[in-house]
Amino acid sequence: TEYTGGRDTCFLTTMAGLLQSAMLAFTGIRFEPGNWTKYEACLPEGWERIEIERIYLGMKAYHVLAEHGKKAELTEIS
């Protein structure tokens, strides 16, 4: 288990890994400075868009809006 006395075995790192995979894979964002939006968003059937309130890329905060078939829009947050 993740902590003493706990009965569940759903580790925080597992949940975070799933969230990170969804955030990056579905939106098309890649960790390549100067080319964060390398690919178009590819969302599951029935999804129209993904909106991420805040993600840090290259030490800067961004708001992300990714619509299926389009490159994600990154808006820097100051």
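The values are calculated or read from the model by the stated rules, or taken from the named source; none is laboratory data. None of the values given here were measured: they were computed from a predicted structure. Backbone-built Cβ (ideal geometry, glycine too); neighbour counts: all protein chains shown.
Which residues, counting only those in region 54-71, are out of contact with any Leu (no Cβ under 7 Å at 6 or more places or on another chain) and either in contact (Cβ under 8 Å) with a residue 24 or more places away in the chain or under 14 Å from Met23 (Cα atoms) (or both)?
Scanning region 54-71 gives Arg54, Ile55, Tyr56, Leu57, Gly58, His63, Leu65, Ala66, Glu67, Gly69, Lys70, Lys71.
Could you list, in sequence order, the residues of region 51-63 that are of a type outside the set (Gly, Ala, Ser) and in a loop (DSSP other than H, G, I, E, B)?
If the condition is that a residue be of a type outside the set (Gly, Ala, Ser) and in a loop (DSSP other than H, G, I, E, B), then Met59 is the only one that fits.
Select from region 17-53 the residues that are loosely packed, with under 11 Cβ neighbours inside 10 Å and without any contact (Cβ under 8 Å) to a residue 12 or more places away in the chain and list them in ascending order.
Those that are loosely packed, with under 11 Cβ neighbours inside 10 Å and without any contact (Cβ under 8 Å) to a residue 12 or more places away in the chain: Leu18, Leu19, Ser21, Gly34, Asn35, Glu45, Gly46, Glu53.
So, in region 41-50, how many residues would count as being under 12 Å from Ala72 (Cβ atoms) and either assigned to a loop (DSSP other than H, G, I, E, B) or modelled with pLDDT of 95 or more (or both)?
3
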